[in-house]
Amino acid sequence: MRPSLQQVCGLVFLTCSSGPLRCEGGHCLAIRLGSSLNAAVFLHSGSITHATVRALDWLADHLLRPESTPEHLATGRRGEEDTYFYLRSLAYVVVARNFRSPRRRGEIDLIAWDGDVLCFIEVKTRTTHDVKPAEAAVDLNKQQELAAMAHEYLRGLPPFGQWRFDVVTVYYEAGKHLPQFELFRNAFSVS
């Protein structure tokens with residue numbers, strides 16, 4: 001029962017000798033091939049999901065044409081992905097990624113529940129500590145942009161209790177295999 005990849009209608013499925021994995025019980029794995037890779041992974045365990053996403057990224061790097069994404073944007077996307085799993089390990093429940101509104105400019109990287117508090121999370125990723133700290137990039141203008149986007153998100157919800165802004169810094173330094181995270185809870189307030 002050695003797993004293999006099978007392509008059907010532009011989707012790649014992980015298959016076993018017994019046939020493709022079914023999406024019963026939340027266990028399904030598929031990726032769409034094309035100019036960019038979109039992974040759809042439905043697994044219960046965060047560590048299994050994280051390992052699966054990393055494996056799919058490796059496959060994409062080796063099987064697909066290289067993307068023309070600038071390196072700093074790819075690093076930022078990787079930081080957001082790793083932050084998603086980091087926050088899950090801290091028991092955050094992520095409800096939105098890369099939230100945008102047609103009425104406003106900007107984006108909220110992650111929106112998640114930390115207990116009964118809704119958190120709007122900005123992720124800042126760097127490859128070195130040699131320049132100013134990553135969290136310093138969330139200046140007053142960025143804070144105002146995030147606050148406006150948070151109000152856009154909240155306007156679609158019934159009134160409820162607490163919410164806050166968190167900032168997560170991610171550092172990928174040469175020679176280290178794992179990223180370094182720092183979470184700033186309630187990083188700034190909105191007046």
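Miscellaneous remarks
- No other residue among 109, 114, 82 is under 26 Å from residue 54 (Cβ atoms), touching an Asp or Glu at 6+ places or on another chain (Cβ under 6 Å) and not β-branched (Val, Ile, Thr) apart from 109.
- Matching residues, the range 50-71, being at pLDDT below 75 and among the basic types (Lys, Arg): 65
- Condition broken by residue 188, with the remaining ones in (1) surrounded by fewer than 17 Cβ atoms within 10 Å (Cβ to Cβ); (2) touching a helix residue (DSSP H, G or I) at 6+ places or on another chain (Cβ under 6 Å); (3) within 26 Å of residue 89 (Cβ to Cβ) satisfied: (1)
- Number of residues in the range 116-134 that are loosely packed, with under 15 Cβ neighbours inside 10 Å and either part of a helix (DSSP H, G or I) or without any contact (Cβ under 8 Å) to a residue 12 or more places away in the chain (or both) equals 3.
- Flag for residue 187 being under 17 Å from residue 112 (Cα atoms) and touching a residue at least 40 places away in the same chain (Cβ under 8 Å): yes
- Residues located in the range 154-184, provided they are within 18 Å of the chain's Cα centre (by Cα) and either aliphatic (A, V, I, L, M) or over 19 Å from residue 81 (Cα atoms) (or both): 167, 168, 170, 178, 183
- Selection of the range 155-182 for residues being closer than 17 Å to residue 97 by Cα and in contact with a strand residue (DSSP E or B) (Cβ under 7 Å, 6 or more places away or on another chain) yields 163, 164, 165, 166, 167, 168, 169, 170.
- Residues that are farther than 18 Å from residue 156 by Cβ and touching a helix residue (DSSP H, G or I) at 6+ places or on another chain (Cβ under 6 Å) within the range 105-121 comprise just one, 109.
- Residue check for residue 14: part of a strand (DSSP E or B) and either modelled with pLDDT of 50 or more or surrounded by 16 or more Cβ atoms within 10 Å (Cβ to Cβ) (or both): yes
- Of all residues in the range 70-104 being closer than 18 Å to residue 156 by Cβ and of a type in the set (Lys, Arg), the one that is surrounded by the most Cβ atoms within 10 Å (Cβ to Cβ): 97
- Single unsatisfied condition, residue 74 versus (1) of a type in the set (Gly, Ala, Ser); (2) at pLDDT 65 or above; (3) in contact with a helix residue (DSSP H, G or I) (Cβ under 8 Å, 6 or more places away or on another chain): (3)
The values are calculated or read from the model by the stated rules, or taken from the named source; none is laboratory data. Note that the coordinates shown come from a computational prediction; the quantities given were computed from them, not determined experimentally. Heads up, the Cβs are rebuilt from the backbone with ideal geometry, glycines too, and the neighbour counts pull from every protein chain shown.
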